[in-house]
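Shown next, in structure tokens, is the structure this report addresses.
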Amino acid sequence: MSTATTASVSTHILDTSIGRPAKGVTISLAARGGPGARWETLGGSRTDGDGRCKDLPALPEGTTQVRLDFETEAYFISGQEAEAQQDAPRARDSGVFFPEVAITFAVVPGEHYHVPLLLNPFGYSVYRGS
């Protein structure tokens, strides 16, 4: 929940290769108060069965930049996406192409930022949702 002096962040992951949420992906949240400041890791969570991460830590006052780190390697190694789609390849000849995805974005106090990750084995995209 954001206040007039802080921003808030939420996210979810959709595995676009199967058209379903990506559950069990570990996400960590870091923040800093500007481009020259050090990153402070605030904590993290895991996506639920709906691919949502509803309990990310609150951002400290003065945060101007946020980084979400998605640990995607374990998700792809576990084969969850292959189990959900019968014809999906179980083994990839190149291994896990994106073992992690790091998204960095700017925030302003009082705003909420929902940043979904659209993920597949060989690509991803993000956007500011609502």
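The values are calculated or read from the model by the stated rules, or taken from the named source; none is laboratory data. What you see is a predicted model, and the numbers here were worked out from it, not measured in a lab. Note that each Cβ is placed from the backbone with ideal geometry, even for glycine, and that neighbours are counted across all protein chains shown.
Here are some residues: 3, 41. Which one is modelled with pLDDT of 95 or more, loosely packed, with under 14 Cβ neighbours inside 10 Å and of a type in the set (S, T, N, Q)? First the steps, then the outcome.
Numbers: 3 fails: modelled with pLDDT of 95 or more.
Just a single option satisfies the conditions, and that option is 41.
Looking at the stretch 49-68, which of its residues are in contact (Cβ under 8 Å) with a residue 40 or more places away in the chain and buried (at least 19 other Cβ atoms within 10 Å of the Cβ)?
Of everything in the stretch 49-68, those that are in contact (Cβ under 8 Å) with a residue 40 or more places away in the chain and buried (at least 19 other Cβ atoms within 10 Å of the Cβ) turn out to be 53, 56, 59, 63, 66, 68.
Which residues, taken from the stretch 9-38, are farther than 19 Å from residue 124 by Cα and either β-branched (Val, Ile, Thr) or crowded, with 17+ Cβ neighbours inside 10 Å (or both)? Give the steps one after another, and end with the answer.
Quick first cut of the stretch 9-38, residues farther than 19 Å from residue 124 by Cα only: 9, 30-38.
Hits for the stretch 9-38 are 9, 30, 31, 32.
Just one of the numbered conditions (1) closer than 16 Å to residue 113 by Cβ; (2) part of a strand (DSSP E or B) is not true of residue 43; which one?
The one condition residue 43 does not meet is (1).
Scan the stretch 88-101 and give yes if some residue there is closer than 24 Å to residue 8 by Cβ, at pLDDT 95 or above and crowded, with 17+ Cβ neighbours inside 10 Å, otherwise no. Walk me through it before giving the result.
Going residue by residue through the stretch 88-101, those that are closer than 24 Å to residue 8 by Cβ are 100-101.
Still in the list and also at pLDDT 95 or above: 100-101.
Adding the requirement that they be crowded, with 17+ Cβ neighbours inside 10 Å leaves 101.
So far as the stretch 88-101 goes, yes, one or more of its residues are closer than 24 Å to residue 8 by Cβ, at pLDDT 95 or above and crowded, with 17+ Cβ neighbours inside 10 Å.
Can you tell me which of (1) in a strand (DSSP E or B); (2) at pLDDT below 95 is the one residue 17 doesn't meet?
Tallying (1) in a strand (DSSP E or B); (2) at pLDDT below 95, residue 17 fails exactly one: (1).
Being assigned to a loop (DSSP other than H, G, I, E, B) and either under 13 Å from the mean Cα position of the chain (by Cα) or not polar (S, T, N, Q) (or both) is the filter here, so list the residues in the stretch 55-76 that pass it.
Residues of the stretch 55-76 that are assigned to a loop (DSSP other than H, G, I, E, B), as a first pass: 55-64, 72.
Passing the criteria: 55, 56, 57, 58, 59, 60, 61, 62, 72.
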